[in-house]
Amino acid sequence: MTRFGHFDDERREYRIERPDTPLPWINYLGSDEFFSLISNTGGGYSFFRDARLRRVTRYRYNNVPLDTGGRALYLRDRATAEFWSPLRQSAHHDLDAYECAHGLGYTRIGSQHLGIEAETLFFVPFDDPVEIWRTRITNRRDRAASLSLFSAVEFCLWDAWDDATNFQRNLSIGEVEVEAGVVYHKTEYRERRDHFAYFGCSEPLAGFDTRLDRFLGPQRGWDRPLVVERGESTNSIAHGWAPCGSHHVSLELEPGESRDIVFVLGYAENSRNAKFDPPGSQTIAKAGARAVLARYLEASETTLAFAQLREHWDRLLEPLQVTTPNAHVDRTVNVWNAYQCMITFNLSRSASFFESGIGRGMGFRDSNQDLLGFVHMVPEQARARILDLAATQLASGGAYHQYQPLTKRGNDAVGSGFNDDPLWLVLAVAAYLKETGDSTILDEQVPYDNAPNSESTLTEHLRRSISYTLARRGPHGLPLIGRADWNDCLNLNCFSETPGEPFQTTENRHGGVAESVFIAGLFALAAGELATIAERAGRTAEGTQLRAARAEMQAAVREHGWDGSWFLRAYDYSGAPVGSAANDEGQIFVEPQGMCVMGGIGLDDGRARTALESVASRLATPHGIALLQPAYSRYHVELGEISSYPPGYKENGSVFCHTNPWIMIAETIVGNGDRAFDYYLRINPSAREDIGELHRCEPYVAAQTIAGPEAAEPGEAKNSWLTGTAAWNYVAMTQWILGIRPELDGLRVDPCLPSGWDGYRATRRFRGAEYRIVVRKPAGRAGRATALVVDGRPVDGTLVPLAPAGTTVEVELTLA
Ligand code: GLC
Ligand code: GLC
């Protein structure tokens, strides 16, 4: 058992004790427009709003060794000419001591080497598009030290895709200016760009460099830059090639003396008609950037900005804090899972160490689901996100599968036709209404495909989501799958024989009848939500209609979507079953087992329980619930991308974590708290910390996938951070296992706890009131709530009525 670090629950940090984690263990900086990825050795990159179109620093994909490049710092002892990197990355010298603490929106990397301590705090403050590095150097020797400190970043020429491919142009266009020790990166500023980047330092400089080739020297990498080795900058000015920014600061430190040096990496925009100063010149107008720099180069301002950031996170996490008998639950719910939900809110699936930041934009289904995990923290932003998403919906009710964050327009290259997409919007809006009670959102006028004059109310958008599904049903009355449903890789109309052809956007055959049982379950869930919304708005007839449509869909699933011991997954192009005992491989899929139960199917005829038993006996593994069994061992042309993955990986039978919470929720619906909790722990990253060498990904955030039973190394996680697992795990634990569930008329408190627990405590801020919840139960007993007491008075059922904003409500629930 190797541990690479530990949780510091008090400070809400994960502290990495060694630099050689199995993979770069990363964190995110930034909460609004300027974002950075930062690994435990300073790797990663920064961007403004859009990881592809406004990339500030360069990232080299498929690095060897992994995670080279990014932020570089070097210390050099002038007396001995020894040099090292206090971030550990870049220079391969072993440090005498190293620690990286990832916190909420900040990362601190500290080290000691040859008696010199260096600790750098990285964060993106709240108000400005800058990344701050505050480096504190302390001389722990018993004699004075003469040191050189070098910084370095490599600039990206803005469009990260072009930057990584279009060398015939790009090696000629790089431009910089250096003024008062600040490096300004201004490639393409002379023509159509009105933005630039800059890299400043709080200290007088002994020199600088902006040419990467000069800084590194021929035949060298980041491990031993020539400039650092020689201890002398060359004051180079980049023309083309690779522009970088490097400062050289000389330090004389008495024994015990500390110095703080601040570096600021920033992004700035000017208005087009005032971008040069003096006007008519080609020199960047720098007044705006200078003002921002001046602020953060002041140590006290940096301290203040950091304190504000910490307060911001404390505030965000406040709405729900729990104390349970399980430490994994507490730190996951109170800190890391909520944090991960905010990261998926900001970045959807665009930029991680597994998502290049040049591919995907904001996913329609992804962002709608992500919202379930962050709506209580940032309700106003959730509202805005819903309206952005709805504005990319098509008039047909269908949806662009993705939109670009910079333009907020649907992405034509990926297009639409993923037939589950529109239904997720209904779930997101329902969650928003339950959390906030703000029904004005339903009357907002929202366009289709962002087209002017196409507006209708958001309510009408939701109706079209429903009618889109109803209008696209196959021979069994089940929804047609289109390009794919939630499972992007189940492409039943694709039939690809051509290498490299995109499975998800290619339809080689038309007129098929491929149907999805999963979408049917999702429809039942969404139609129920919309019926309630309609009824609440007084539209009883519409509510009745929606309930009838829901019942009809549920009946279609009962009739044609049941395989005997579990729900079928789909019917393929030619009407053959997928996910059936009749198949050789892929006999049972997890998604419909969770979603159909959540959609209320099988609750009255025992099928829900039977399906969940099948999940337990056929899909559950020690590392979580596999997506399907047995995994496909060969390529099935009629199924699309799914069987293109080797068995046990990704959609072909890994533990695709996103689906696991659906099963947890379903287990609580049938009253099985022990099983729900057991499944929760199997994929909980903190609970897997002890098997870090196998798990490999960060122990503080969920990963998209964990290798399944057929894989070479079952239990190995991949694709950490940007996954719908974050939101759904949060929902499964907080709303269904702990049972604290916002509803339109109040706060439901209906836990389904593991029998070993004796209860829990929680505070939940909900519509402006604070609910202090105490749940008690005898350890060793399962079962549901029997007695609810609100402010000392018994209340029937489990719904705590709405309290006026500003009040505190004492909620006591006893399970017999
Ligand atoms: C990825 C996608 C998500 C999809 C899932 C399953 O996580 O972002 O949209 O549902 O894979 O294919
Ligand atoms: C791949 C992945 C899937 C993801 C999709 C996004 O197919 O397997 O998880 O959703 O790409 O385009």
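The values are calculated or read from the model by the stated rules, or taken from the named source; none is laboratory data. Bear in mind that the values here come from a model prediction, so they are computed numbers and not experimental data. Please note: Cβ atoms are built from the backbone with ideal geometry, for glycine as well, and neighbour counts cover all protein chains shown. For accessibility, only protein heavy atoms count, side chains too; no ligands or nucleic acids. Shrake-Rupley method; radii C 1.70, N 1.55, O 1.52, S 1.80 Å.
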Response to the item:
Within the stretch 2-15, the count of residues that are under 23 Å from the mean Cα position of the chain (by Cα) and either part of a loop (DSSP other than H, G, I, E, B) or within 28 Å of residue 48 (Cα to Cα) (or both) comes to 7
Fill in: Single residue of the stretch 459-476 satisfying the filter (open to solvent by 20 Å² or more (accessible area, probe 1.4 Å) and within 15 Å of residue 571 (Cβ to Cβ)) that is farthest from ligand 1 (Cβ to nearest atom)
475
Item to complete: Would you check if there is a residue in the stretch 347-355 being away from ligand 1 (no atom under 14 Å from the Cβ) and either closer than 22 Å to residue 657 by Cβ or surrounded by fewer than 24 Cβ atoms within 10 Å (Cβ to Cβ) (or both)?
Response: yes
Item to complete: Working carefully through the options 95, 149, 87, find the one that is out of contact with any helix residue (DSSP H, G or I) (no Cβ under 6 Å at 6 or more places or on another chain), assigned to a loop (DSSP other than H, G, I, E, B) and crowded, with 23+ Cβ neighbours inside 10 Å.
Response: 87
Worksheet entry | Condition met for residue 321 (under 20 Å from residue 772 (Cα atoms), among the polar types (S, T, N, Q) and surrounded by 16 or more Cβ atoms within 10 Å (Cβ to Cβ)) | yes
Fill in: the stretch 502-554, residues that are acidic (Asp, Glu) and either at pLDDT below 95 or open to solvent by 50 Å² or more (accessible area, probe 1.4 Å) (or both)
507, 535, 552
Worksheet, complete the sentence: Of all helices (runs of 4 or more DSSP H) fully inside the stretch 375-489, the set with 2 or more residues that are modelled with pLDDT of 95 or more and either within 16 Å of ligand 2 (Cβ to nearest atom) or touching a Phe, Trp or Tyr at 6+ places or on another chain (Cβ under 7 Å) (or both) is 379-390, 421-436
Worksheet item: Looking at the stretch 383-427, which of its residues are crowded, with 24+ Cβ neighbours inside 10 Å, under 20 Å from residue 724 (Cα atoms) and out of contact with any strand residue (DSSP E or B) (no Cβ under 8 Å at 6 or more places or on another chain)?
Response: 386, 423, 424, 426
Item to complete: Restricting attention to the stretch 708-721, report how many residues are within 10 Å of residue 655 (Cα to Cα) and surrounded by 24 or more Cβ atoms within 10 Å (Cβ to Cβ).
Response: 2
Worksheet item: Would you call residue 516 within 16 Å of ligand 2 (Cβ to nearest atom) and touching a residue at least 24 places away in the same chain (Cβ under 8 Å)?
Response: yes
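Could you check, for the stretch 705-717, whether at least one of its residues is away from ligand 1 (no atom under 16 Å from the Cβ), in contact (Cβ under 8 Å) with a residue 12 or more places away in the chain and either hydroxyl-bearing (Ser, Thr, Tyr) or over 15 Å from residue 621 (Cα atoms) (or both)?
To start, the set of residues in the stretch 705-717 that are away from ligand 1 (no atom under 16 Å from the Cβ) comprises 709-716.
Those still in the list that are in contact (Cβ under 8 Å) with a residue 12 or more places away in the chain too: 709-716.
Those still in the list that are either hydroxyl-bearing (Ser, Thr, Tyr) or over 15 Å from residue 621 (Cα atoms) (or both) too: none.
Within the stretch 705-717, not a single residue is away from ligand 1 (no atom under 16 Å from the Cβ), in contact (Cβ under 8 Å) with a residue 12 or more places away in the chain and either hydroxyl-bearing (Ser, Thr, Tyr) or over 15 Å from residue 621 (Cα atoms) (or both).
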Worksheet item: All but one of (1) under 20 Å from residue 54 (Cβ atoms); (2) within 16 Å of ligand 1 (Cβ to nearest atom) hold for residue 285; which doesn't?
Response: (2)
Worksheet item: Mind checking whether some residue in the stretch 780-798 is part of a loop (DSSP other than H, G, I, E, B), basic (Lys, Arg) and either in contact with a helix residue (DSSP H, G or I) (Cβ under 8 Å, 6 or more places away or on another chain) or open to solvent by 60 Å² or more (accessible area, probe 1.4 Å) (or both)?
Response: yes
